[in-house]
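Where a number appears in this text, it was derived from the coordinates with a stated rule and is not lab data. Source: prediction; values computed, not measured. Virtual Cβ from ideal backbone geometry, glycine too; neighbours counted across all protein chains shown.
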Amino acid sequence: MTDILEGIRVLDVTRFVAGPAATVLLADLGADVIRIESPGGADDRTTLPFKEGFHGGVGFTQLGRNKRGLTIDLASEKGRAVFDRLLVTADIVFANLPRRTAGALGLDYDRMRAIKPDIIFVHMTTFGSDGPYADRLGFDAIAQVMSGLTYISGDPGKPMKHNSAWVDMSTGFLAAYGALAALRHRDRTGEGQKVEANLLQTAMTVGNYFLFDQHFNATNRIGTGNRAQSGGPADLIQTKDGWVYMVALGDPMFRRFMRMIGREELLGDPRFANDELRAENGAALSEIVTEWARHHTNAEILPILEANRIPAGPLLTPQEALDDPHVRDQFIVEVPVEGLSKPVPYVKPPVAFSRTPAAIRKGPPRVGEDSDAVLTEAGFSTEEIAALRAEGVV
C-alpha cells in the first residue's frame, strides 16, 4: 500500500504548536518531513518535560512523530547554504516565525523561489504578514483574547480563555489544508506559491458568527459559564455523583427534554418559547434540570438521556478520557518510543482514509538524529558533513 503523500518532501522549520501541528499531519500521510532545528535542539523540544528525562517534552512528542531530525544553524551563512542545497530536493517549506525573523534565516519566498521555482512556502504567523501588527510576537492565548471569544467565555466579569491550544492547532490544520491545495495547483500547472495562515484570523474565523451577531444585533454578549448562548437547556449539569453536559436545541428536542424530566408544564412558559428565549433564561433552565439530575448518578442518567435522544456526555478527567472504552478502542494507538518506559498513547490521525490510511509509525527524532542520512541524500560527502559538524553548522 502506497502512502498518499509518499515522495513529497517537507522542510519543517517550525516550533511550538501551530507549525508542527501542520507538518505532522503530512508526516502521518507519508510525506518525508524533515524537522530542522538549531544544533543542540530547539527551544520547544522540552516544554512540559517527561519525568523520565526523555529527550523531548509532551508537546514535542505529540507533534514530532513520524518526522526525521536534522540540525542546521540557519543564522549562519554556511547554514543557509546547506539549507539551499536541501531546498532543491524539497516540495514544501513550512515556517511559523515573524516575517523579519523568517527573512533573517533565509526563509523568504522570493529568495527560495529563485533557487527552486516550484517550491511551496507555507508561512504561519500570529497576525499575518501585513498591517500594523505584522511584526508583533504572539502565541495562541494572544489570539484567543483578541478574537472576542475569550470575552464571551467564562463567567460575567471573569473572562476565561481555553487551556488547550485550540487556535494553534486549528491554524496548523488550516496550513496543512493550504499546503495540500497548493500541491494540487502545482500538479496541474507546475507552479509553486506562498501559502499563509495566522492565529488571529483563525480564531476570528471560528467565531465569525458571533461577530455577525454583534454587527447586526448589537447583543454585547458576555460569558455564560458552561451554558450555551444559542438555546437550552444546554449546560454542564451536576448529578448525584458527577457532572454531565446535556444539550437541547430546537423545539422538538426541548419538548422531549421537558417530558423526560416531568416538567411538561414548562412547554407553555413564555420564558422558554424559543431557542433565543431559552438561552436568555438559561440559568433558570439549568436550575430546573439540576434539581432533576441530582436524584440520579451519571450511570443512571446517561441511558435516560440517550433513550430520549438528548445529546449528552459525562465530564471526564484526562485519565478517565484515556480509560474510556470507546476512546481506548477507537481513537488511541500505543506506540513504543525509545527512552520512555511505556508506549505513548497517541490519538490516531484525525482523518480516516479507506484506501490510503494515515499512520503513526514512530515517535519524535532525537536532536539531529537523521542529519547524516538527510545530508547524504542531498549530495553531501562524508568529508563535507564532518567539516560542517566540526564548525557547528549542523
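Between Asp155 and Val351, the contour length at 0.36 nm per residue exceeds the Cα-Cα span by 67.1 nm. A full extension of the chain between Thr47 and Asn163 corresponds to an added length of 40.2 nm, given 0.36 nm per residue minus the alpha carbon distance. Taken along the Cα-to-beta-carbon direction at a fixed 7 Å, the label points for Leu267 and Phe216 span 3.1 nm.
Evaluated at q = 0.18, 0.21, 0.27 Å⁻¹, a Debye calculation over the C-alpha positions of segment 209-289 (equal weights, vacuum) places log10 I(q)/I(0) at -0.75, -0.96, -1.35.
Each DSSP beta bridge with both residues in the chain is either parallel or antiparallel, and the antiparallel ones are about 40%. Taking Thr89, Thr150, Thr376 in turn, the Gaussian network model of the chain (Cα-Cα springs below 10 Å) assigns the largest fluctuation to Thr376. In the chain, helical runs assigned H by DSSP with n ≥ 4 each contribute -39500 (n - 2.57); averaged across all residues and rounded to the nearest 500, the mean residue ellipticity at 222 nm is -11500 deg cm²/dmol. Under the convention that each Lys and Arg Cβ holds +1 and each Asp and Glu Cβ holds -1, the size of the dipole of the chain around its Cα centre is about 200 debye. Of Thr297, Thr71, Thr61, the residue with the greatest mean-square motion in the GNM of the chain, using alpha carbon springs below 10 Å, is Thr297. When each of the peptides 261-269, 4-12, 285-293 is scored by the mean number of other C-beta atoms lying within 10 Å of its residues, the order from highest to lowest reads 4-12, 285-293, 261-269. Each 10 Å bin from zero up to the one holding the largest Cα-Cα distance in the chain carries the following percent of pairs: 5, 19, 25, 22, 16, 9, 4, 1, 0.
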